[in-house]
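Remarks on the structure that follows.
The values are calculated or read from the model by the stated rules, or taken from the named source; none is laboratory data. What you see is a predicted model; the values in this text were computed from it and never measured. Here the Cβ positions follow ideal geometry from the backbone for every residue, glycine too, while neighbour counts run over all protein chains shown.
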């Protein structure tokens, strides 16, 4: 069984997020908002769930190009192969990342990563459903050069893992390393919606690509984070669908068929001539910009925190056993995980259907647990724990009544415009 580097790294991710939270508290700085961080992590969970199903196709395409079209077959054990793979993967990432900010349909597969108005290590895990699909073509030149599939996919995972630590405001600058490596300072610029910072610093590991290709911008003013049109939801599924909905809506509303097609390939700021223009980026500072959010009561924080731990264990376990488990098992667990995280967003927003959705989910888990116990009596202790915890969760949910909002849900800052 091939080890999934992301699955192995998950405990380290959470430990470092905890360290960042503690450091920020010592600095008397609010680095995390609970609902925002949970939504970030939920997007990351969605990304890994979708990766299980997409992996087969992605590996097949890369391996087919390598097997049938490569000009050579580079040895996986040779150091030079790894140098070519790591540098080539980083260069491919740069061009995919740059394309994702300038082509609408690719932006739709990347924009969830930019939607948070915070900047912390949890944001690093805020990934989209289909970014691996749109990025693969940029890596196929490595297959043509003969880089073996196992070398490329591990190089790609290492590139992704490197980018985790640069999503922080705790580390300011890195001295001479700033000239060569992508650092927190450089990446804060990339996430900024300050007019000076938009579409800058696309690097993965090496910032030299931005310096070479004219997209480098040093950090010269405090960044304001998010997207030019702020995303105003805690729903991780809507985070992945919102820009697609916008594109199809624009295509329907445009009168010319050319505009209906071009909207998917145009830059995000483009609008058809018969459509009202989008708001342009305006000068912002952290003190003048009000973050969008909702009030999250303590009861909800505790409930979601407990269930997040359970869900984190579930997705980590699923990643480790995905190669051996049946597709029916993977699909069932994946559906429950996605359902859980979407329901958290509804609860944070005080949606009327949130409590009902959570109640149905708990009921289904309880019924599935009882069925499991009847089918496999040897697992009764585990079943007892599952059913008991589900019943306690249901009581916790009912404690607040059918009209529950766990404290009045209110928008703390409206969307600009």
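Among the residues making up segment 138-162, those that are in contact with a helix residue (DSSP H, G or I) (Cβ under 8 Å, 6 or more places away or on another chain) and free of Cβ contacts under 8 Å to residues at least 60 places away in the same chain are 138, 141, 142. Being more than 29 Å from the chain's Cα centre (by Cα), in a helix (DSSP H, G or I) and either in the same structural domain as residue 337 (by TED's automatic domain parsing) or on the phi < 0 side of the Ramachandran plot (or both) is a property that does not hold for residue 386. Restrict the check to segment 370-380 and report whether at least one residue is touching a residue at least 60 places away in the same chain (Cβ under 8 Å) and either touching a helix residue (DSSP H, G or I) at 6+ places or on another chain (Cβ under 9 Å) or more than 30 Å from residue 5 (Cβ to Cβ) (or both). Looking for residues that are touching a residue at least 60 places away in the same chain (Cβ under 8 Å) and either touching a helix residue (DSSP H, G or I) at 6+ places or on another chain (Cβ under 9 Å) or more than 30 Å from residue 5 (Cβ to Cβ) (or both), one finds none in segment 370-380, hence no. Residue count for segment 202-217 satisfying the condition of being in contact with a helix residue (DSSP H, G or I) (Cβ under 9 Å, 6 or more places away or on another chain) and free of Cβ contacts under 8 Å to residues at least 40 places away in the same chain: 5.
Filter segment 22-41 for residues that are assigned to a helix (DSSP H, G or I) and without any contact (Cβ under 8 Å) to a residue 40 or more places away in the chain and give the result. Those that are assigned to a helix (DSSP H, G or I) and without any contact (Cβ under 8 Å) to a residue 40 or more places away in the chain: 22, 25, 26.
Of the residues in segment 163-173, none is surrounded by 22 or more Cβ atoms within 10 Å (Cβ to Cβ), in contact (Cβ under 8 Å) with a residue 24 or more places away in the chain and more than 14 Å from residue 120 (Cα to Cα). Of everything in segment 175-201 that's in contact with a helix residue (DSSP H, G or I) (Cβ under 7 Å, 6 or more places away or on another chain) and part of a loop (DSSP other than H, G, I, E, B), which residue is farthest from residue 6 (Cα to Cα)? Going through the qualifying residues, I end up with 197.
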